Amino acid sequence: MHVGRVGMFNIIRKEWSGWNIKKQGNVVADLKMRGVDDVEALPAYHYRDDALLLWNAIQKYVATVVNSVYGNPINDR
């Protein structure tokens with residue numbers, strides 16, 4: 001792929017302008033948006049399976065850290 005530095009920056013700029021954290025920044029939403037979230041329709045999609053394991057582990061870790069620093073609003077009521 002020979003687009004050069006300027007060409008690569010143009011590609012990045014074009015793609016970045018449409019990027020949305022709630023869609024492309026969320027593994028679950030991204031898989032659903034691309035139609036690859038159904039395990040029965042696509043049983044051996046290893047990226048999905050591994051990405052969901054990592055996504056869930058990160059979600060659990062971040063929730064634990066945030067709740068330990070800021071408290072858990074559900075338990076603090």
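None of the figures in this text is laboratory data; all of them are computed from the coordinates on show. Since we're looking at a predicted model, the values are computed, not measured. Methodologically, a virtual Cβ is constructed for each residue, glycine included, from the backbone with ideal geometry; neighbour enumeration extends over all protein chains shown.
One table, with the values for the structure above:
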{"quantity": "³J(HN,Hα), Karplus 6.51/-1.76/1.60, whole Hz, each residue of segment 51-57, x for Gly, Pro", "calculated": "4, 5, 4, 5, 4, 5, 5"}
{"quantity": "Local electrostatic count at residue 8 - Lys and Arg +1, Asp and Glu -1, tallied over other residues with Cβ under 14 Å", "calculated": "+2"}
{"quantity": "For the chain: rounded, prolate or oblate by the Cα gyration tensor [a/c cutoff 1.5]", "calculated": "oblate"}
{"quantity": "Selection from 35, 47, 67 lying farthest towards where the dipole of segment 21-77 points positive, charges on Cβ", "calculated": "67"}
{"quantity": "Student exercise, the chain dipole from Lys, Arg, Asp, Glu Cβ charges, in Debye to nearest 20", "calculated": "420 debye"}
{"quantity": "Hz values of 3J(HN,Hα) by residue in segment 40-45 - Karplus curve (6.51, -1.76, 1.60), Gly and Pro given as x", "calculated": "6, 6, 9, x, 10, 9"}
{"quantity": "Helical mean residue ellipticity (222 nm; -39500 (n - 2.57) per DSSP H run of 4+; nearest 500) of the chain", "calculated": "-19500 deg cm²/dmol"}
{"quantity": "Environment charge of residue 32, counting only residues whose C-beta is closer than 11 Å and scoring Lys/Arg +1, Asp/Glu -1", "calculated": "0"}
{"quantity": "Angle between the chain longest axis and helix 4-17 axis [Cα atoms, degrees, rounded to 10]", "calculated": "40 degrees"}
